[in-house]
Amino acid sequence: MNTPPDSQRPEPRPLKPPRLGVGARLRAYFLAGILITAPISITFYLAWLFIGFVDRQVTPLIPEAYNPNSYLPFALPGLGLVVVGVFLTLVGALTAGFLGRFVVRIGERILARMPVIRSIYGAVKQIFETVLAQQSNAFREAVLVEYPRRGIWAVGFITGRTEAEVQNLTEEEVINIFLPTTPNPTSGFLLFVPKKDLVPLSMSVEEAIKMVISGGIVTPPDRRPPGVQAKPQVSAATYEDLDVLREKDRAPVLVSKKD
């Protein structure tokens, strides 16, 4: 039996996607509605809780003669937040002058003589100065770190170059790495990692933080060129029966484990 050549064979018809039933469509619409409204609702709810908490703490401190809630039949939402913002702005303006800086120095000298308070105040002040400074680089770059063992990778953030005693004790140049936890990135671990063992990521710090908070559900796209994407830079292979010894020339030597 002669078979027709490929050019004469009829082209296969593209398969039509299966039509969804009424129940499947309603379910898809319901999930789409949740996906759209849930983030907005949760954001507004958390903002409302924060504003209400500030109002409850600050509004009672306002003298009754200057409190608008005393003259209105309803409470003004956000009044306490506005008062806090005005107060902080005035404090910043006053401390910017010579007299304000002089008062601040006297206060810091008094706190420096208190055994427990001075440690807490110094640490808190240093953290706020680092995070709230203009053009702050508290988290400078997102990187991959091989942690907690070989073959497992975690997202970390560069917070600065290691200096002083830790760097002097280490032969290689090491970098300060903050390794956050999921879903609360305010806690984590401080690691001192050799610079050559870090793998820089092209994603921004904000995108990496979202990825950590979501537990990997929100993953930013790879914006590198396709040619770079096709070339892996690290390996997840582990050697359970081998130890890796690092020589001064940084050439890995594989040797069998001793029983």
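The values are calculated or read from the model by the stated rules, or taken from the named source; none is laboratory data. A quick note: this is a predicted structure, and the numbers were derived from the prediction, not measured. Glycine also receives a Cβ, built like all others from the backbone with ideal geometry; neighbour counts cover every protein chain displayed.
The figures follow:
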quantity: The range 211-234, residues that are surrounded by 12 or more Cβ atoms within 10 Å (Cβ to Cβ) and either touching a Pro at 6+ places or on another chain (Cβ under 9 Å) or touching a residue at least 60 places away in the same chain (Cβ under 8 Å) (or both); calculated: MET211, VAL212, ILE213, SER214
quantity: The one condition in (1) modelled with pLDDT under 80; (2) of a type in the set (A, V, I, L, M, F, W, C); (3) out of contact with any strand residue (DSSP E or B) (no Cβ under 7 Å at 6 or more places or on another chain) that VAL244 fails to fulfil; calculated: (3)
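Conditions (1) in contact with a Pro (Cβ under 6 Å, 6 or more places away or on another chain); (2) loosely packed, with under 11 Cβ neighbours inside 10 Å; (3) without any contact (Cβ under 8 Å) to a residue 12 or more places away in the chain; (4) part of a helix (DSSP H, G or I), marked per residue:
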position: SER41; (1), (2), (3), (4): no, no, yes, yes
position: THR59; (1), (2), (3), (4): no, no, no, yes
position: PHE74; (1), (2), (3), (4): no, yes, yes, no
position: PHE87; (1), (2), (3), (4): no, no, yes, yes
position: LEU94; (1), (2), (3), (4): no, no, yes, yes
position: ARG101; (1), (2), (3), (4): no, no, yes, yes
